[in-house]
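The values are calculated or read from the model by the stated rules, or taken from the named source; none is laboratory data. Predicted, not measured: the structure shown is a model, and the values here were computed from it. With ideal geometry, Cβ positions are generated from the backbone for all residues, glycine too; neighbour counts draw on all protein chains shown. These area figures cover heavy atoms from the full protein model, side chains too; ligands, DNA and RNA do not enter into them. Shrake-Rupley method; radii C 1.70, N 1.55, O 1.52, S 1.80 Å.
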Amino acid sequence: MTDYGHDLTFGSFLTPVVRPPLHAVELAVLAEKAGLDLVTFQDHPYQPAFHDTWTLMSFVASRTERIRISGNVLNLPLRQPAVLARSAASLDRLSGGRIELGIGAGGFWDAIEGMGGRRLTPGQSIQALDEAIAIIRGIWATDERGGVHVDGQFYQAKGAKRGPAPAHDIGIWVGAYKPRLLRLVGRVADGWLPSLPYLPDGLDSLTEMNRHIDDAAAAAGRDPAAITRFLNIGGQFSRTGGGLLVGPPDQWAEELTDIALTHGISGFVLMSDEPATVELFAREVTPRVRELVAAERKA
């Protein structure tokens with residue numbers, strides 16, 4: 001079993017659709033009222049049916065008081081890292097320390113290139129993400145002297161001024177599946193944010209994927225337990241069971257508890273734009289998972 005001992009986080013993963021008006025905003029408000037910890041949004045800047053995710057996050061921050069907010073995940077190739085760092089720090093300060101930075105290396109390269117972004121190979125995109133994270137952390141490091149200097153192949157900072165400092169230590173959470181990107185998570189990220197439907201071998205994938213993160217963290221002199229493991233999940237509530245996360249809330253709670261304790265996943269983010277599903281998840285699943293995990297840890 002792999003239990004990293006993190007406090008459990010439960011959130012929602014919403015689609016920033018333009019129609020119906022403000023639907024994603026109202027769902028975020030509902031998620032907060034239902035007691036979830038986190039609300040996240042897809043980021044596909046090349047998709048005209050979506051609101052711009054950063055603008056939407058800012059609006060949601062103004063409409064909520066407690067819930068944390070993140071992209072899931074932000075499209076780095078279309079968001080310049082130094083500006084993104086200042087945007088995140090600014091919104092974090094304005095929201096009272098509620099912003100996290102879910103970020104991805106990019107994947108839909110035809111659409112990215114169509115928006116003026118640079119087409120990269122998988123290896124190049126990982127190198128670019130590594131350079132971007134260095135710049136982002138440098139902008140936030142206001143306690144260090146001098147400007148930010150990163151001489152990367154894809155991103156450079158040539159004495160950029162530091163600041164503003166975020167209101168809290170913003171987590172950099174990376175969406176990753178392949179070994180090289182997982183090793184980057186272990187070396188430089190604060191969290192890992194994959195989606196259950198995209199795991200190549202389902203839950204069985206998590207053991208090896210965690211190993212890549214843990215080995216890279218240890219090689220970099222980091223505690224692997226310091227890296228939070230999230231998982232975007234989907235499913236269906238029903239009266240009878242029909243497979244993983246298809247069944248009544250009690251079944252969901254038992255399955256998520258097993259995933260948390262077996263694979264070290266401590267953040268579950270529900271992929272649903274259905275208000276009733278979000279409310280049921282928050283009301284009947286999340287408290288039960290917390291109870292079951294706490295009982296197992298005490299045993």
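Things worth noting here:
- Approximate spin-label separation residue 254-residue 215, in nm, with each point projected 7 Å along Cα-to-Cβ: 3.5
- Exposure rule at most 15 other beta-carbon atoms within 10 Å, DSSP loop GluC sites (Glu not before Pro): the chain longest free segment: 145-299
- Segment residue 59-residue 284, length gained on full extension (0.36 nm per residue, minus Cα span): 78.2 nm
- Estimated FRET transfer efficiency when R0 is 41 angstrom, pair residue 141-residue 109 (beta carbons, to 0.05): 0.85
- Here the simple spin-label model places points 7 Å from the Cα toward Cβ, and for residue 296 and residue 165 these points are separated by 3.9 nm.
- Database remark: amide H of residue 103 closer than 5 angstrom to the amide H of 74, 173, 174, 175 (H placed geometrically; neighbours at sequence offset of 5 or more, or on other chains; Pro and chain starts carry no H).
- Calculated log₁₀ intensity ratio I(q)/I(0) where the Debye formula runs over C-alpha points of the range 1-151, q = 0.19 Å⁻¹: -1.21
- Taking 149, 263, 51 in turn, the Gaussian network model of the chain (Cα-Cα springs below 10 Å) assigns the largest fluctuation to 149.
- Once the Cβ-Cβ distance of residue 121 and residue 177 is raised to the sixth power relative to R0 = 22 Å, the FRET efficiency obtained is 0.85.
- The residues neighbouring residue 2, those whose beta-carbon lies less than 11 Å from its own, together hold a net charge of 0 under the Lys/Arg +1, Asp/Glu -1 convention.
- Zone residues, the range 185-215, relative to residue 3, backbone N less than 14 Å from point 7 Å out along Cα-to-Cβ: none
- For the range 212-262 and the range 59-111, distance of Cα centres in Å: 24
- For residue 149, the residues whose modelled amide H falls within less than 5 Å of its own, excluding neighbours fewer than 5 places apart on the same chain, are 159.
- Among 278, 185, 246, the largest mean-square fluctuation in a Gaussian network model of the chain (Cα springs under 10 Å) belongs to 246.
- For the range 71-84, the Karplus equation 6.51 cos²θ - 1.76 cosθ + 1.60, evaluated at θ = phi - 60°, returns couplings of x, 8, 10, 5, 7, 4, x, 10, 9, 4, x, 5, 5, 4 Hz by residue, with Gly and Pro reported as x.
- DSSP bridge orientation in the range 147-230 - percent antiparallel, rounded to nearest 5: 50
- Ellipticity at 222 nm from helices only: DSSP H runs of n ≥ 4 in the chain, each -39500 (n - 2.57), divided by the residue count, give -12500 deg cm²/dmol.
- Apportionment of accessible area to carbon and sulfur, the chain, percent (1.4 Å): 50
- About the Cα centre, charge dipole magnitude for the chain (Lys/Arg +1, Asp/Glu -1 at Cβ), debye: 920
- Length released on extending from residue 246 to residue 199, taking residue separation times 0.36 nm less the Cα-Cα span: 15.2 nm
- Rounded to 5, the percent of DSSP beta bridges in the range 26-182 classed as antiparallel: 30
- The chain: antiparallel DSSP beta bridges as a percent of all, rounded to 5: 15
- With contacts taken as Cα pairs under 8 Å at a separation of at least 6 residues, the range 165-299 carries a relative contact order of 19 percent.
- When each of the peptides 265-273, 165-173 is scored by how many other beta carbons lie within 10 Å of its residues on average, the order from highest to lowest is 265-273, 165-173.
- Residue by residue, the range 55-66 carries 3J(HN,Hα) couplings of 4, 5, 4, 5, 5, 4, 4, 6, 9, 10, 10, 10 Hz when phi is fed to the Karplus relation 6.51 cos²θ - 1.76 cosθ + 1.60 (θ = phi - 60°); x denotes Gly or Pro.
- Looking at the range 91-224, the accessible area is 49 square angstrom per residue; that uses a 1.4 Å probe and ignores ligands, DNA and RNA.
- Taking 0.36 nm per residue of separation and subtracting the Cα-Cα distance, full extension of the segment from residue 239 to residue 19 would add 76.1 nm.
- Applying the Karplus relation 6.51 cos²θ - 1.76 cosθ + 1.60 with θ = phi - 60° to the range 244-249 yields 3J(HN,Hα) values of 4, 6, 10, x, x, x Hz, where x marks Gly and Pro.
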